[in-house]
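So the structure is just underneath, and the comments pick up after that.
Every number in this text was worked out from the coordinates using simple rules, so none of it is lab data. Model, not experiment: these values are computed from the prediction. Here the Cβ positions follow ideal geometry from the backbone for every residue, glycine too, while neighbour counts run over all protein chains shown.
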Amino acid sequence: MKLGICLPHYGRPIEVGRMLEVARAAEDRGLDSIWVTDHVIVPASANVIYREHMLDPLAMLPWLAGVTQRIALGTSVVILPYRSPIPVAKLLASVDVLSGGRLIVGAAIGWLEGEFEALGVPFKERVSRSEEALGLFRTLWMQERPEIETKRHRLHDVVFSPMPLSKPRPPLWVGGNSEGALRRVARLGDGWHATATNHDAFRQGVAALGRFWKEAHREGEPALSLRIPILFDGVHRPAVDMALLRGRHFIGGSVSRIVEELRGFEALGCGHVALEVSYSTYPAIMRTLDILAEQVRPRLEA
């Protein structure tokens, strides 16, 4: 199982030096990935960690490409209806080039209705806009002279450049835990990026995805990944109101307990975990990275 962290670029006053320290420490300690998160303009009434002090993920990615060398860079997740998909496809392809082919694109339809309203995007169109964007990404990243018509876009006699380095293109992992999200994975994605789920729900999702994958006549197997908060006993120190977890499932407890839970997800086929560390203070985040590298990973690999 590959281990990554969600970079704390939200939920607290922005300290670029500390974010840089976390990113470089994750790479130096041999973790596999760093993930950025997407919200643009959050309603003041929304009780979420992303409401304040949040840097844009599509600005974070090229910065991360420049300050790291090896570690994979992921989006967990880019909300597809928020932006015009063709410029986003170009930006993501550019990041893949700048990072030497290290990009993983997690994408989803979004859920915060007030944010859609603030952006002037019809909430009821989020599915159609997202699926259109996924189709455009796949075509644009594989055809230098794309020919495609969608409900909102008609591309003929144009050139898309730069092409991403990842072959055949950056992986597309579709986020969400609903049946609709799983069907979207089977039709348009390369893998599933689940969110804050427990073993039973993940098992059910994997089983449903397997059925939808076969119905879509897809070859091979979908990649399975998970984003989830992690809180080590005796290490975690709250940086924000912990009520912001809002009842979401998290991995917590002793090192042994956390290794046991991660092994459970691995046994269900989960190949990559993005661990959410942003509820902790920076000293606790750095200690968490040490424990992941020095204690958790060796036990998972044993």
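Computed from backbone phi, the HN-Hα couplings of segment 129-143 come to 5, 5, 5, 4, 5, 4, x, 5, 4, 4, 6, 4, 7, 10, 10 Hz, rounded to whole numbers (Karplus: 6.51 cos²θ - 1.76 cosθ + 1.60, θ = phi - 60°; Gly and Pro given as x). Mean sequence separation of contacting Cα pairs (under 8 Å, at least six apart), scaled by the length of segment 61-169, corresponds to a relative contact order of 30 percent.
Against the empirical 2.2 N^0.38 Å (N residues), segment 165-264 has a Cα radius of gyration ratio of 1.26. Across the chain, counting alpha-carbon atoms alone, Rg and Dmax equal 18.6, 60 Å. Across segment 158-163, coupling constants 3J(HN,Hα) worked out from phi with the 6.51/-1.76/1.60 Karplus curve, θ = phi - 60°, read 10, 10, 10, 8, x, 7 Hz, and Gly and Pro carry x. The phi-based Karplus calculation (6.51 cos²θ - 1.76 cosθ + 1.60; θ = phi - 60°) puts the 3J(HN,Hα) values of segment 104-111 at 10, 9, x, 9, 7, 8, x, 9 Hz, whole numbers, x for Gly and Pro. Amide H to amide H, with H built 1.01 Å from N, G175 comes under 5 Å of A107, A108, H193, counting only residues 5 or more places away or on other chains. What you get for the chain, charging only the Cβ of Lys and Arg (+1) and of Asp and Glu (-1), is a dipole of about 300 debye around the Cα centre.
Would you mind checking segment 242-261 for residues with the amide N under 13 Å from a putative spin-label position 7 Å along Cα→C-beta of A207? Within reach of a label on A207, which here means backbone N under 13 Å from a point 7 Å along Cα→Cβ, segment 242-261 contributes nothing. The gain in end-to-end length when the H217 to R187 segment is fully stretched comes to 9.9 nm, 0.36 nm per residue minus the alpha carbon separation. In segment 77-102, whose amide N lies under 15 Å from the spot 7 Å out along Cα-to-Cβ of Q143? List them in ranges. Within reach of a label on Q143, which here means backbone N under 15 Å from a point 7 Å along Cα→Cβ, segment 77-102 contributes 86.
In the chain, a dipole from Cβ-located charges (positive for Lys and Arg, negative for Asp and Glu) runs towards its positive end, and of I14, S33, G101 it is G101 whose Cα lies farthest in that direction.
About the centre of its Cα atoms, segment 135-190 shows a dipole size close to 140 debye [charges on the beta carbon of Lys, Arg (+1) and Asp, Glu (-1) only; nearest 20 debye]. Give me Rg/Rg_expected for segment 41-103, where Rg uses Cα atoms only and Rg_expected = 2.2 N^0.38 Å with N residues. Cα-based Rg divided by the globular estimate yields 1.26.
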